[in-house]
Amino acid sequence: MSRIIVIAGLTATGKTDASIYLAKKYNAVILNADSTQVYIEPLIATAKIKENEKDGIEHYMFDIVSLDDEYTLFDYQKDARKLLDKFIKENRNVIIVGGSGLYLKALLYDYNLEETKTKRVDYSKYSNSELKSIADNINPNNNIHENNRQRLERYITYYNETGKFIENKKEINNRIYDFDLIGLYALKDELYDRINKRVDKMFDDGLLLEAKNLYSKHYKKYSSIIGYKELELYFKGDISLDEAKELIKKNTRHYAKRQMTWFKNQMTDITWFKVNYNNFNETLEEIKNFLD
């Protein structure tokens, strides 16, 4: 019988390392649930696992579309469920890993989505505040934060296609698969320090060159990736490189905060594990003991 283990949680908490560890332990494949890692071009900016780090484990739903492609939450739900159903039928164990709560919700819960009927609008020309204003004009009580760009875009698109606006009650909590759900978190000061150091390492690994190369190709979804959208301001001469680097750190910290808020409000069935950055093996041992 297939076993499904889901690793959710905040950015920079070691979800990728945990997924490799558990995939080895349970002889499992790994299925991505991160909204940025479905894209082929980004590597460093999205902290995507490198080929030499996969340790021979099969990875799915990574590198499947371009930053120029239209790929909706509905598309992800359809493609990922097709794979998951196939693995279950084959009695293969699956580790699902990602910090995009909405992707996890769409994949694993009774979350009804409609296929896009009209061509998607390119929202890259709109600022967050402009998108928020559009959403507020649709429904002043929408409760979406200005910085939650992905949700704002989805909210506006849904209204344009259906003439209806998404209600909070649509965030359904009924599971449609049997799975163990764990989450990784860290105390704020530890997490923020980890995020800052990870951004520094990204620059050491070539983030600036990667961002510049992709910027020159004018990809539609370029500015939706943290790391690229801040460096875009540097490439345009609006801010200095140091300012761009600090802005990446700040936006990543804010993203982590939004992740925790979302998970606490929308996925209350997570069993949380505090990450021990000084001895990550201890964290892995705690997870193993829980799952066993």
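Just so it is clear, none of the values below were taken in a lab; they were calculated from the coordinates. Owing to the predicted nature of the structure, the values given are computational and were not obtained by experimental measurement. All Cβ positions, even for glycine, are placed from backbone atoms using ideal geometry, and neighbour counts span all protein chains on display.
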In debye to the nearest 20, the charge dipole size for the range 169-231, taken about the Cα centre with +1 at each Lys and Arg Cβ and -1 at each Asp and Glu Cβ, equals 480 debye
For log10 I(q)/I(0) by the Debye sum over Cα atoms at q = 0.11, 0.12 Å⁻¹, pick the label among (i) -0.73, -0.82; (ii) -0.67, -0.81; (iii) -0.61, -0.73 that corresponds to the value derived from the coordinates. (ii)
So which trypsin sites (Lys or Arg not before Pro) in the range 190-292 end up in coil per DSSP with only 16 or fewer other C-beta atoms within 10 Å? Lys217, Lys220, Lys236
Sparse-neighbourhood loop sites, trypsin sites (Lys or Arg not before Pro) in the range 28-103 - DSSP loop, at most 12 other Cβ within 10 angstrom: Lys50
Would you mind calculating the relative contact order of the range 1-135 from Cα pairs under 8 angstrom and at least 6 residues apart, reporting the percent as a whole number? 37 percent
Highest GNM mean-square fluctuation, the chain, Cα pairs closer than 10 Å: which of Asn27, Asn141, Asn251? Asn141
Between the range 236-259 and the range 123-201, how many Å separate their Cα centres? 18 Å
With 24 Å as the limit, write out which pairs from Lys25/Lys89; Lys50/Lys257; Lys197/Lys257; Lys50/Lys78; Lys48/Lys229; Lys24/Lys89 have Cα-Cα distances beyond it, or answer none. Lys50/Lys257; Lys50/Lys78
Considering only DSSP states other than H, G, I, E and B, which GluC sites (Glu not before Pro) in the range 134-211 qualify as loop sites with at most 13 other Cβ atoms within 10 Å? Glu167
Relative contact order of the chain: what whole-number percent is it, with Cα pairs under 8 angstrom and at least 6 residues apart? 26 percent
